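Single-structure report; data block below.
The values are calculated or read from the model by the stated rules, or taken from the named source; none is laboratory data. Keep in mind that this is a model prediction, so the values were computed, not measured. For neighbour counting, all protein chains shown are included, and Cβ atoms are generated from backbone atoms with ideal geometry for every residue, glycine included.
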Amino acid sequence: MQGFPLLTLLTFIPIFGMIIVLLLPKSAENNVKYTTLAVTSIQLVLAIVMILNFDYSAGGVFEVSSFQFIEKVAWIQIPDVAFLGTLKIDYFLGVDGLSAPLVLLSTIIFFIATFSSWTIKKSPKGYFAMYLLLNAATMGVFVSLDFFLFFVFWEVMLLPMYFLIGIWGGPRKEYAAIKFFIYTMLGGVFMLITMIGLYFSATEVLADGTQAYTFNLLALMNQNNYLTDGILSPSNPDNWRFMAYIGLFVAFAVKIPMFPFHTWLPDAHVEAPTPISVVLAGVLLKLGTYGILRISFPIFPDITRELMWYIGLFGVINIVYGALAAMAQKDYKKLIAYSSISHMGYVLLGMASLSSVGINGAIFQMFNHGTITAMLFLIVGIIYDRAHTRGLNDFGGLANQMPIYTGFVTVAFFAAVGLPGLSGWVSEALVFVGAFGVESIRTITMIGMLGILLGAGYMLWTLQRVYLGTLPEKWKELKDVDARELAMLVPLTIIVVVLGIFPSFVLNIMTTSVNSLVDFLSTTLN
Amino acid sequence: MVEVGLTHFLVVSAFLFAFGLYAIITRKNAILVLMGVELVLNAANINFVAFSRYSNYGLNGQLMALFVIVLAAAEAAIALAIVLNIYKTFGHVNVDEIDNLKE
Amino acid sequence: MSIYDLIFYLFATLTIVSALMVVSSDNIVRSAFYLLATFFGVSGIYVLLGADFVAVTQIMVYIGGILILLLFGVMLTSNITNVEIKKGTAKILPAVIGIGILLGAVVSVMTRTKWKIHLTEIPQTTSFELGKLLITDYVLVFELLGILLLIALIGAASMARREQE
Amino acid sequence: MSESSLISLAVTILLLPLVGFFIVLLFGKRFEHLYKLEVGIISVALLLSIYAGFVKLTSYVNDTIIAQFTWIDLGNVPTIGHLTVNLGIMIDNVTIIMLFVVTLISALVHYFSIAYMKGDIRFSRYFAYLGIFTFSMLGIVIADNLLMIYIFWELVGLSSYLLIGFWYEKKSASDAGMKAFLTNRIGDIGMFIGILILFTNYHTFSFTEIFNHISNGVVPFGSNGWLTAAGILVFMGAIGKSAQMPLHVWLPDAMEGPTPVSALIHAATMVAAGVYLVARIFAMLTADAMLVIAVVGAVTSIFAASIALTQNDIKKVLAYSTVSQLGYMVMALGVGAYTFAFFHLVTHAFFKGLLFLGSGSVIHSMHHEQDMRNMGGLKRKMPITYITFLIATLAISGIPFTSGFLSKDGLLAGTWAFGNLTGHYLIPIIGFTVALMTAFYMFRLVIMTFHGEPRNQHKYDHAHESPKLMTIPLIILASLSIFIFYTPNPVAPADGWFYNWVKAPQTVVPEEARFEFMKSESHEIEGTVNNDSHGGSGSGSATITHSEMYEHAMHAVHYPAMILSIILAGLGILFAFLMYHWKKIDADKLAEKLKPLYNLSYNKWYVDEIYSFLFIERLLDFSRFISWFDATIVDGIVNYSATFTRGVANITGWFDTYIVDGLVNFTAFVSGFVGLSFRKMQTGKVQTYIVYVVFSVIIILLVLRPF
């Protein structure tokens, strides 16, 4: 595989697809869809090829040498720019155990959401172009190892998302889209500030022997690269690292979304069309936690250790708060949205443990939450397509009317509840095992375990209200799932079940990296 | 009566200019306004040519006059096209009633 | 009073009087014909100023082109029977006063200024010199003007074209 | 047969029902007779487990067979080293007996259900659910580590949820399922925390390894208190699953499920899982933890028995009876009577399963009538059901020659001995009182259902004996309620083989955290009584089963306890006959006299109402508050800040328009003409503009005066 630009292909095939989609005539609706499907399936194949060729023993995280599928090209390199010296930004891609599972996850989710997009009626050409752009940007964030490149992809992602919600959304789409946009933009500003601060604090030796400021994430993780007086240099006694960390954290926290930055999520989910909800919950939320793992933690290990209790606390607040808020919802989609908040709390809690078990659990939880929540949103979408309402109290007894569908619902719900044997439990358990093992966050971890109970509470209550009981007369006509919907639900169900029984398939990808990350975090700047 | 010199030509030009301006200001009919414009242009041309004659800059002044004539031709063509369009739109060519620009 | 002067006054009078008629006539067709006289007068003045080529161009372009164009305009936009010009009487007096002041000012500027006169020889023929200038110093302007004319023609044609219903 | 093939046999028994579940679930709708596959599979599993039990108890009776595999490999974890999560299978005598009990009752319930569930719209799905239940229950039984127990523990909860809510069209059924799942989850959280305490310290879930660590003196976080906490927390799982106070509320409601399910899950097997779990962790329980367990068990048993006295629904009585008996077992474990607790688990499984199936038979023939006040005189119509039911009732009441007598007697002797040794006499007193109450309410049940005159003639006329498919399981279970299967001597359980198979594991907790009588210095005559015994599920090298002092104390009170329990049982039965058969004492008058007590009992001590008011309503209130808080405060702040920003923008804009621009306008106004004409000048007419130009030029000219 050496030399084959796998990651570039993964990232830019959607752009290529987008161009094709835009060139197709408006009448060729089906061709647009098939193009998108082709693009996403190629991506899926590439991601599988990547995993098959993945070296499980390579750590990555902070060492260039153990990253895989590296592509590094000087993207912008201008010598002697005013006071900057050489301005240098690399096109630097690579994966390690932290990103590989998420790359796989996004290809899966985008592939499945394509099927879900099949029923988009309004201007499918524009929709699929935006969809593919979103796809490319997401993939770019997961594979870029240069902060500038990361930031570019991060911001590019906003645009298609804004339009996808704002044009193809529900009744309050403009409000939701703008809320989403402003929230994320706000986070982006903080990230930009931190990024520039880091840029002026660290240098890297170029090939010609000169020193230049750098955006290279791996160089930024190496404390030897920092100037003695940089604003974010650890050796500078008056450094701003703490503030920068908070800023960066807020940028990522908005995306997770972490309490109290979460209120865009229910609105965005409720208004977004089903496939976009699927992608949003399945992939985009993971960008926040991934960013923290990839950037915040290794670049600021000192501050991370200092603040781990607070991160854990916010994780627990997310878990409990999200669950309680979900319990009171009357809108099916809003309920799932709040359950997403709750489940992302587990990820935060696991990361806050700074232990191998916890972070493994956190990344695995990202993966599982991706598949499970995707399933949940598809489930809501299916019922909404048929009944055109999402009121939890409008339904009842669907189990008899739509037995196959209810079967999938049961699997998805119990996976979300954290039933052993399904994937969600494994990651939840790992998170708790990891977090409980750390003395400082032990108490709040126990509070977080309330989430297990509350999660079961609202999920089962929903199951009862919508699927059990007697069927109202007006839903006698509802049809069970069709082949297209089966094509979306069956693969996800298989993933959820198989990973519940054999979690090693995914866990093995990340363990080496997580261990070296944990080691790095506990030894650097200590 | 003094010998005809530069000033005489300039005065003629000044008159032409004034009449042209008068037409532009007072006339309602767009075509008459155009005619006023032509008068103003001719006034300018006379000045060019006169200065060309009474200074030592060679034929540059005459050349300017030529350019103005060319521009005037172009302007007339465009202006008439506009006038025709105005006529098509409004049914008349009275410039004082065409004040859509006000909005 | 030389013959040159006489001819000048002749043409100047023709020009000014007919210009006056252009702006004061009530009939637009008449105005057009007075304009013809004005142009003719102006071209005569050009000749007096030794600008033979310009004078010829004036006659050809203005009288042969622009004026005909204006006449077409008159005929296309008015009924031949109803060529009376709508005029606003209210504004005439202030306009006359204003223009008068302006004219007075301009004329007084022109007459009072001490022009630095440098009378040059009238060349035998100006077209050769003009042509040389056109393709040397002014070649860019020349080309641009050509393009401009082309654009103007096409533009005018497309604007004036009747929309196909 | 080698040990490894015994392991494979166990795995086969485990996986068979799972296969059945998947096949029947996926294809049950298409092939109506597929349920027979599931029934066949469970029969095969039963035969296999009998065979396995035979092999184990003859060839490897003293061995503990363990097989492990790595489930998750977390690699070389910093500060811990190579960390793996292992799952494994442990087969000892307890396992093998439980395998048999579970598969047997499961198989019998399968047969019974074929007749009982006939015509149900989800007939085949029902069998699929039974399959997954059996699978998960077997998983708990053969697990060698806490994690695997927890996994199957939850799966059992799932199947219980599915089966309780099987008739989910009824809201009460789906409510009950949900209640069961959630109540169990509360216990599970505690259990999980307990497991986490152990894992954090030992980095393993395996019983044997944990016990090894503890016996080496490594206690969690260096304190015996944490060991106690771990024990109690893990026991919380049992509180949930075995319906102990205060989490017992789900079990009576669980009777909404089909009656054979109640027999299988909520009487015989699943609820016993809690007892089984405590038995598994018995070796690491400290004195404090054991005392807590004993108290919880004792309180539960008397509490539930007091409710069972007055219930009229036949299944409710049995449900509370189950809770009460489970309390007994838990109490027995708490006082250290490990063997008898487990013995009672097994005998109870059979006779309580029988009672439920019998009540199912009654309910079936009475067309789903469950109120005992509408029954009576059924013994003539349903002789087989009656006889078997009576045997089970005798067993649960502790009448000699029944299995229940053997186990209950030993159990009560255990509590008495405990009272003698520690001075906690309240526990045996409760134990004996419950024995009296049990005899009373069980005979009340029998008399009201089968004796006397029919109270609802119409229903009585339609009643009939159940088909063979239902009565044969009853007969099998009834015969298993006879003493002979356990011991040749009907008054001495210690003579039986069961007593020799199941030995209490040697405790591993540090000396200072044990009961006085369990300390090692009391082992003066070590090795004389139980020299052939084996160290149970604890460390493989231990040779002592339990402290000798306790054994001796139990021997000392064995016969007094036996006589006392027979007397009490007889009294209970006598009272029942006096009140309900011969009507010498008017039950209603008695109820009237003891009105407050009666009401408390009849209304189940208002526990449901209290919980609903204290917790459920408050939780829902709180969640609504959070939702309101989220929508109004948090989102409000966001929207407010957006509004605020827009407000600031508006103010800025207003300032710009009226102040800054106004100043300009004001200046213009002051200067006069220009300002005033600003608006009028904009006529939109070309000529006007030219006029302005002209005037401007004139003005400029006049100002400049170039002339």
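Below are the figures for this structure:
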quantity: Criterion: out of contact with any Pro (no Cβ under 8 Å at 6 or more places or on another chain), within 23 Å of D:ASP175 (Cβ to Cβ) and aromatic (Phe, Trp, Tyr) - qualifying residue of D:PHE629, D:PHE625, D:PHE655, D:PHE613; calculated: D:PHE613
quantity: Selection count, the range C:1-23, where residues are more than 7 Å from chain B (Cβ to nearest Cβ), surrounded by fewer than 17 Cβ atoms within 10 Å (Cβ to Cβ) and in a helix (DSSP H, G or I); calculated: 7
quantity: Cβ-Cβ under 8 Å pairs, at least 6 apart or on other chains, the range D:182-193 side more than 7 Å from every other protein chain (Cβ to nearest Cβ), far side of a type in the set (D, E, K, R) and assigned to a helix (DSSP H, G or I); calculated: D:ASN184/D:LYS241; D:GLY187/D:LYS241; D:ASP188/D:GLU154
quantity: Criterion: within 11 Å of chain D (Cβ to nearest Cβ), among the hydrophobic types (A, V, I, L, M, F, W, C) and surrounded by fewer than 19 Cβ atoms within 10 Å (Cβ to Cβ) - qualifying residue of A:PHE502, A:PHE432; calculated: A:PHE502
quantity: Lone unmet requirement of (1) at pLDDT 85 or above; (2) surrounded by fewer than 20 Cβ atoms within 10 Å (Cβ to Cβ); (3) within 7 Å of another protein chain (Cβ to nearest Cβ) for B:GLU75; calculated: (3)
quantity: Number of the exception - B:SER13 against (1) surrounded by fewer than 24 Cβ atoms within 10 Å (Cβ to Cβ); (2) more than 7 Å from chain C (Cβ to nearest Cβ); calculated: (1)
quantity: Leading residue by the ranking (farthest from D:SER262 (Cα to Cα)) among those in the range D:157-181 that are within 7 Å of chain A (Cβ to nearest Cβ) and in a helix (DSSP H, G or I); calculated: D:LYS171
quantity: Checklist (1) surrounded by 24 or more Cβ atoms within 10 Å (Cβ to Cβ); (2) not in a helix (DSSP H, G or I) applied to A:ALA326, failing item; calculated: (2)
quantity: Qualifying residue in the range A:223-238 (condition: surrounded by fewer than 24 Cβ atoms within 10 Å (Cβ to Cβ), under 25 Å from A:GLY350 (Cα atoms) and not aromatic (Phe, Trp, Tyr)); calculated: no
quantity: Considering residues of the range B:83-103 that are within 7 Å of another protein chain (Cβ to nearest Cβ) and at pLDDT 75 or above only, the residue surrounded by the most Cβ atoms within 10 Å (Cβ to Cβ); calculated: B:VAL83
quantity: Residue check for D:GLU154: acidic (Asp, Glu), more than 30 Å from D:GLY222 (Cα to Cα), touching an Asp or Glu at 6+ places or on another chain (Cβ under 9 Å) and within 8 Å of chain A (Cβ to nearest Cβ); calculated: yes
quantity: Residue that is more than 30 Å from D:ASN500 (Cβ to Cβ) and assigned to a helix (DSSP H, G or I), where the choices are D:LEU34, D:LEU14, D:LEU6; calculated: D:LEU34
quantity: Helices (runs of 4 or more DSSP H) contained entirely in the range D:574-655, each with at least 3 residues that are farther than 30 Å from D:ALA180 by Cα; calculated: D:587-593, D:635-654
quantity: Check on D:SER106, within 27 Å of the chain's Cα centre (by Cα), farther than 24 Å from D:LEU477 by Cα and not in a strand (DSSP E or B); calculated: no
quantity: Close pairs (9 angstrom Cβ cut-off, 6 or more residues apart or separate chains): away from every other protein chain (no Cβ under 11 Å) in the range D:610-633, modelled with pLDDT of 80 or more anywhere; calculated: D:TYR611/D:PRO246; D:TYR611/D:VAL249
quantity: Residues of the range D:117-148 classified as within 17 Å of D:LEU34 (Cα to Cα) and either hydroxyl-bearing (Ser, Thr, Tyr) or outside any loop (DSSP other than H, G, I, E, B) (or both), total; calculated: 10
quantity: Residue in the range A:36-57 that is small (Gly, Ala, Ser), under 22 Å from A:GLY291 (Cα atoms) and touching a strand residue (DSSP E or B) at 6+ places or on another chain (Cβ under 8 Å) present; calculated: no
quantity: Exclusive hit being within 23 Å of D:LEU146 (Cβ to Cβ), at pLDDT 85 or above and out of contact with any Ser or Thr (no Cβ under 8 Å at 6 or more places or on another chain), set D:ILE89, D:ILE65, D:ILE96; calculated: D:ILE89
quantity: Residues of the range C:101-157 satisfying the condition of being of a type outside the set (A, V, I, L, M), more than 7 Å from chain B (Cβ to nearest Cβ), farther than 30 Å from B:ILE78 by Cβ and surrounded by 11 or more Cβ atoms within 10 Å (Cβ to Cβ); calculated: C:GLY104, C:SER108, C:THR113, C:PRO123, C:PHE128, C:LYS132
quantity: Selection count where residues are under 25 Å from the mean Cα position of the chain (by Cα) and either in a helix (DSSP H, G or I) or more than 30 Å from B:HIS8 (Cα to Cα) (or both), scope the range C:103-131; calculated: 15
quantity: Residue match in the range B:29-48 (condition: under 20 Å from C:LEU134 (Cα atoms) and free of Cβ contacts under 8 Å to residues at least 24 places away in the same chain); calculated: yes
quantity: Answer residue from the range A:335-373, given it is within 14 Å of the chain's Cα centre (by Cα) and of a type in the set (Ser, Thr, Tyr) and is surrounded by the most Cβ atoms within 10 Å (Cβ to Cβ) among those; calculated: A:TYR346
quantity: Enumeration of residues in the range D:88-103 that are within 18 Å of D:PHE340 (Cα to Cα) and outside any helix (DSSP H, G or I); calculated: D:ASP92
quantity: The range B:37-55, residues that are more than 22 Å from C:ILE3 (Cβ to Cβ), surrounded by fewer than 24 Cβ atoms within 10 Å (Cβ to Cβ) and at the interface with another protein chain (Cβ under 7 Å from one of its Cβ atoms); calculated: B:SER55
quantity: Filter result for the condition that a residue is touching a Lys or Arg at 6+ places or on another chain (Cβ under 9 Å) and modelled with pLDDT of 85 or more, over C:VAL22, C:VAL42; calculated: C:VAL22
